[in-house]
Amino acid sequence: MPSSNLYPTAELRAADSRHYLHPFTDFKALAAEGARVIVRGEGVWLEDSDGNRYLDGMAGLWCSNVGHGRREIADAVYEQMKELAFYNSFFKTTNAPAIRLAEKLAELAPAHLNHVFFCGSGSEANDTVVRLVRHYWATLGKPGKDIIIARHNAYHGSTMAGASLGGMKPMHSQGGLPIPGIEHIPQPYWFGEGGDLSPAEFGLWAARQLEAKIEALGENRVAAFIAEPIQGAGGVIIPPETYWPEIKRICGKHDILFVADEVICGFGRTGRWFGSEYYGMEPDLMSIAKGLTSGYLPMGGVMVADRVADVVIGMGEEFYHGYTYSGHPTCAAAALANLKIIQEEHLVERVANDIGPYFQKQWLALGDHPLVGEARMVGLIGALELVPNKPSRHEKFANTGDVGTLCRDFSFNNGLVMRATRDSMIISPPLVISHAEADELIKRATLTLDQTYMALKKDGRVK
Ligand SMILES: *Cc1c(COP(=O)(O)O)cnc(C)c1O
């Protein structure tokens with residue numbers, strides 16, 4: 001029996017708009033349009049309640065690294081739930097899956113990161129980061145060293161601290177954000193903001209904004225710099241090659257902590273276990289989530305370098321911070337099963353040496369399309385910048401976002417999930433995607449670009 005008979009789409013949609021407030025959603029517009037009901041996932045494929053199939057080019061939401069529908073994870077979760085579904089880690093108690101996961105993460109992370117603080121999501125991880133870096137400096141007798149520098153158009157989550165660290169203007173316009181003690185510097189977005197500088201020159205300029213900010217504020221007031229190795233939600237901003245080495249120099253020269261938000265880049269996305277390794281950075285803290293469980297259950301964490309752990313463990317008073325679900329045994333069991341798959345199927349190496357290069361070659365070739373001003377990709381995370389008048393990258397479409405949305409809608413109709421950020425198209429497929437599925441993705445993306453281009457020609461938005 002087709003699944004459409006099992007899922008009464010119209011009724012589900014009506015109940016959805018009556019009761020369900022969706023995240024990052026214009027409630028009124030969604031109620032008018034109705035949401036797609038996703039009912040099943042297997043590998044890189046999704047199916048909706050009408051039986052339509054989609055190639056999931058976004059790995060859920062940057063997280064389903066091992067693909068959908070993995071039995072191994074479901075079984076591990078089932079076994080753990082029967083044994084001990086939940087217990088807390090607050091009052092001198094602990095549990096085996098959380099211990100094993102902490103041990104595993106210490107093994108997988110760069111050598112100097114050997115401790116982890118668990119939480120429920122990426123946003124919570126970054127809330128913990130804010131608390132922990134301030135606690136670190138206070139423990140060292142510098143409570144006034146509490147400002148955290150982040151970047152415009154960064155995404156660090158949606159809680160008060162996460163959204164404050166993030167540099168998304170629309171998010172700051174609601175609810176009195178950012179919270180005090182957060183400063184922002186420009187992002188290394190050469191295509192959009194590089195002016196007439198070369199990528200190399202612009203990368204240096206953007207990195208030096210960190211140094212200028214530290215000097216303007218005074219080093220004795222700056223606690224940390226936080227950044228995504230590659231900005232995800234901001235539009236897959238891949239920094240010029242000069243950027244991270246210069247940031248590393250600046251962080252080395254000044255006594256501040258460096259926090260890598262690895263929520264997207266972690267667990268193989270770049271072809272290394274962590275984006276920091278891809279760029280040769282040595283973070284003092286790493287926020288992790290998403291690929292940690294491949295989204296099978298919610299879980300996040302903050303990995304802590306020995307330099308920081310020594311202080312907060314050795315000298316600190318009690319750290320008054322924790323979540324009921326810190327070290328949740330069932331979520332930890334899901335994470336362990338997920339990491340086992342990533343290791344046993346060599347997914348990180350596969351992204352570095354096999355599917356990564358295979359996919360990149362075809363993705364970068366989309367840069368030849370008349371609508372595409374730039375195609376970029378590292379590992380299995382990439383973007384296409386749509387422009388009205390190639391080769392100019394300075395001219396943009398009016399009403400930013402309209403063309404991206406148009407293209408995304410074509411994409412959905414072609415059975416491909418791509419995400420639009422402004423007028424660029426974003427891709428971040430499961431790391432298990434096969435060569436044939438990669439070919440299929442590129443075929444659907446090409447058709448989508450052609451249809452978008454034709455539509456824009458017709459209404460005069462491109463010549
Ligand atoms: C998704 C994301 C977050 C927030 O994670 P949630 O689990 O949605 O709270 C934080 N940082 C980055 C880089 C992200 O992509």
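The values are calculated or read from the model by the stated rules, or taken from the named source; none is laboratory data. Note that the coordinates shown come from a computational prediction; the quantities given were computed from them, not determined experimentally. When we count neighbours, we look across all protein chains shown, and the Cβ atoms used for this are built from the backbone with ideal geometry, even at glycine.
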Among the residues of the stretch 423-435, how many are under 16 Å from Thr446 (Cβ atoms) and either not in a loop (DSSP other than H, G, I, E, B) or not assigned by TED's automatic domain parsing to the domain that holds Trp62 (or both)?
-> 2
Requiring at least 3 residues that are of a type in the set (A, V, I, L, M, F, W, C) and within 16 Å of the ligand (Cβ to nearest atom), the helices (runs of 4 or more DSSP H) wholly within the stretch 92-211 are 122-139, 160-165
Of the residues Ile288, Ile313, Ile256, which single one is hydrophobic (A, V, I, L, M, F, W, C) and near the ligand (Cβ under 10 Å from one of its atoms)?
-> Ile288
The lone exception for Lys92 - which of (1) within 26 Å of the chain's Cα centre (by Cα); (2) free of Cβ contacts under 8 Å to residues at least 12 places away in the same chain it fails = (1)
What is the residue count in the stretch 247-287 for residues that are of a type outside the set (D, E, K, R), part of a strand (DSSP E or B) and in contact (Cβ under 8 Å) with a residue 60 or more places away in the chain?
-> 5
Number of the exception - Val259 against (1) more than 20 Å from Ala335 (Cβ to Cβ); (2) of a type outside the set (Ser, Thr, Tyr); (3) over 15 Å from the mean Cα position of the chain (by Cα) = (3)
Count of residues meeting criterion [over 22 Å from Arg36 (Cα atoms), within 27 Å of the chain's Cα centre (by Cα) and of a type outside the set (D, E, K, R)] in the stretch 57-85 = 6
Result of the Cβ filter at 7 Å on the stretch 210-223, keeping first residues that are in contact (Cβ under 8 Å) with a residue 12 or more places away in the chain and partners that are of a type in the set (Phe, Trp, Tyr), at least 6 apart or interchain, is Leu210/Phe225; Ala223/Trp137
Residue that is modelled with the lowest pLDDT [pool: residues in the stretch 12-52 that are part of a loop (DSSP other than H, G, I, E, B) and of a type in the set (A, V, I, L, M)] | Ala35
Looking at Ile247, Ile230, Ile214, which is the one that is crowded, with 23+ Cβ neighbours inside 10 Å and within 18 Å of the chain's Cα centre (by Cα)?
-> Ile230
